[in-house]
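The values are calculated or read from the model by the stated rules, or taken from the named source; none is laboratory data. Note that the structure is predicted; figures quoted are calculated from it, not measured. Note that we place each Cβ from the backbone using ideal geometry, even for glycine, and neighbour counts take in every protein chain shown.
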Amino acid sequence: MPNVLHLTVDNPEEILNAGAYAAGAILRLQSGAADTGPFADVSGTGSTPTVTVITGVRAYTGYDPAGTSTTWYRTRYENAGATRVSDWSAVFQVGAEEAGLICSLYDVKQALGIPATDISHDEDILDDIVAVTDEIESVTGRDFTGARSDVTFRIHTRAGKKLWFPKGLQSITTLGVATTDQPATGGVYASVTDWYLDPPDAMREPYWPATVIRFPSISGSLFYDAAFGAQITGKPGWAQVPPRVARIGETAACAYYATRGKAGPRAVIGPSGGTTILRDISPADWATLLEYRTPRA
């Protein structure tokens, strides 16, 4: 499954300045099978291991013919001779058409009436989609743009046989439990295998991941009151952005782009009487997003 990557350069004039990477500067694109690497330049017929930075052009397209939904990427700036280089970017995945965001760049451009071949607006639209993605995931407490391959992370635990994970869990490969507080950078974890994810697949609503890790009542395994009491290797978040959420993201991104954020905020009164300020999400769409805030267990 070849991957198409949307790469942005916020200020190409700064990158091309003689005091930075000068004329002929490039953006290098590397890929790897895991978030920790190893990484190498993307390769294959039609691949773009480097992209030349051009004055006034803030959006570029990269191609990885060998890419998959689980491939990780990183980029960095280099001068023409690669004697002056930047740090590598944070690693990222592109996933499906949404490229790790709430909605697709192409869908937003289509809704705005911008031809797919016109990339002059891409950097601004992508910035708006990133902002909308953050807004929607913040107000719902869900990770709709979840990981596409295993990552290892640690979370706090409370005593009992149930561990809530409201952002969502697609799958777990390994689970380790600690009996004492652990440092954020890792500690000693006892591997356990008698866990299960809840709700079961057959009982989940469409597109929903699991939101709870449980031990059977007859199991001797327990979670403890501990900082970083569990270490998980698996896929957090949602496997796919629900279509209703993607539509809301598309509408909000279009509104943000069309008004450049000048339409003013909307105040929405939630069911508990609290007020939430959402700049580009309508009250009707907010009501839809409220459904995704309800715990599933």
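Residues in the stretch 198-237 that are without any contact (Cβ under 8 Å) to a residue 40 or more places away in the chain and under 22 Å from the mean Cα position of the chain (by Cα) were compared, and the one that is nearest to S149 (Cα to Cα) is Y207. Restricting attention to the stretch 46-68, the residues being in a strand (DSSP E or B) and of a type in the set (D, E, K, R) number 1.
Determine which member of the set T185, T211, T251 is within 30 Å of W286 (Cα to Cα), out of contact with any strand residue (DSSP E or B) (no Cβ under 8 Å at 6 or more places or on another chain) and of a type in the set (S, T, N, Q).
T251
Among the residues making up the stretch 202-258, those that are surrounded by fewer than 17 Cβ atoms within 10 Å (Cβ to Cβ) and part of a strand (DSSP E or B) are A227, T233.
Any idea which of (1) in the same structural domain as S43 (by TED's automatic domain parsing); (2) on the phi < 0 side of the Ramachandran plot is the one A82 doesn't satisfy? With (1) in the same structural domain as S43 (by TED's automatic domain parsing); (2) on the phi < 0 side of the Ramachandran plot applied to A82, the lone miss is (2).
Among what's in the stretch 72-129 and is surrounded by 13 or more Cβ atoms within 10 Å (Cβ to Cβ) and among the polar types (S, T, N, Q), pick the residue that is farthest from the chain's Cα centre (by Cα). Applying the filter and picking the extreme gives N79. Looking only at the stretch 137-161, residues that are surrounded by 15 or more Cβ atoms within 10 Å (Cβ to Cβ), of a type outside the set (D, E) and not in a loop (DSSP other than H, G, I, E, B) come to 6 in all. If you go through the stretch 162-188 and keep only what is outside any loop (DSSP other than H, G, I, E, B) and more than 15 Å from the chain's Cα centre (by Cα), you end up with K162, L163, W164, F165, P166, S171, I172, T173, T174, L175, G176, V177. Regarding S43, is this residue on the phi < 0 side of the Ramachandran plot, small (G, A, S) and outside any loop (DSSP other than H, G, I, E, B)? Judged against the criteria, S43 is not a match.
Out of the stretch 102-136, which residues are among the aliphatic types (A, V, I, L, M), assigned to a helix (DSSP H, G or I) and in contact with a His (Cβ under 9 Å, 6 or more places away or on another chain)? Spell out how you get there, then give the answer.
Here is the first cut: in the stretch 102-136, the residues among the aliphatic types (A, V, I, L, M) are 102, 105, 108, 111-112, 114, 116, 119, 125-126, 129-132, 136.
Narrowing the set further to residues that are assigned to a helix (DSSP H, G or I) leaves 105, 108, 111-112, 125-126, 129-132, 136.
Those that are among the aliphatic types (A, V, I, L, M), assigned to a helix (DSSP H, G or I) and in contact with a His (Cβ under 9 Å, 6 or more places away or on another chain): L105, L112, L126.
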